[in-house]
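**Q** To start, I am sharing the structure in question, which I have written as structure tokens.
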Amino acid sequence: MNNKSTHIPSKKSLRKDKKSLLYGGIIVLLIAISPYFFYVYESFPSDSQTWETSFFTITTSYANIQVYFWFLTGKIVPIYLLLLWFFTCKNWWHWIIMAPLSIYIFQLWSLVNQSSSLDEVEIYYMFPVMLVLVPCVYLIRAKIFNNIQGNDFEKFEEDLGKKRSVWDQITDLFR
């Protein structure tokens, strides 16, 4: 007889594993088909600045409709992939993915409005987003770091209240 005990998985854990496998398979499929989404622009007409269907008409100031949709898919595909990453990431820092995501969203908005300043002024729109996002992510990091080290928040608040030089503050970010 073998003295090693064999682990027999329960039905509940098997269902959870199957669900996890299905979920992971769907995510892999969504990532794998992303290059095909990018090349959708080739199916649009390249001989006109206007595209008419029975439901709508699109007129663009770009060279032709195909060029416009090339720019459009160049913004939509990264947004799609960043959203997949954001919603499937289990790490504490996943909120910082909103930074590049918001840049692409601002660029897409400029493209849809056919602004003449495409990919030029989005950094200015990003400033308020980053003013909120970076401190929030840093505070989440600090809270997790303090929980791991066992520090209490009174000491954390004391450290925040101390007067330090700019160089001291920068070196504290990397300790």
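**Q** So what's region 30-101 giving for Cα Rg divided by 2.2 N^0.38 Å, two decimals?
**A** Expressed relative to 2.2 N^0.38 Å, the Cα Rg reads 1.41.
**Q** From the phi of every residue in region 91-98, what ³J(HN,Hα) in whole Hz does the Karplus formula 6.51 cos²θ - 1.76 cosθ + 1.60 yield, where θ is phi - 60° and glycine or proline is x?
**A** 7, 5, 8, 4, 5, 6, 4, 5
**Q** With no solvent and one point per C-alpha, what does the Debye sum give as log10 I(q)/I(0) for region 13-173 at q = 0.10 Å⁻¹?
**A** One equal scatterer on each Cα of region 13-173 leads to -0.62.
**Q** In whole Hz and in residue order, list the ³J(HN,Hα) couplings for region 100-107 that follow from phi through the Karplus curve 6.51 cos²θ - 1.76 cosθ + 1.60, θ = phi - 60°; x for Gly and Pro.
**A** Going residue by residue, I get x, 4, 5, 4, 5, 5, 4, 5 Hz, with x marking Gly and Pro.
**Q** Just to check I understand the Karplus step: with θ = phi - 60° and J = 6.51 cos²θ - 1.76 cosθ + 1.60, what whole-Hz values come out for region 50-60, glycine and proline as x?
**A** Computed from phi, the couplings for region 50-60 are 10, 10, 10, 10, 6, 9, 7, 10, 10, 10, 10 Hz.
**Q** Then there's this: Across region 13-173, how many lysine pairs separated by 8 or more positions, or lying on different chains, have Cα atoms within less than 20 Å?
**A** 7
Bear in mind these aren't lab numbers, they're just calculated from the coordinates by the rules spelled out. Keep in mind the model is a prediction, meaning the values are calculated, not measured.
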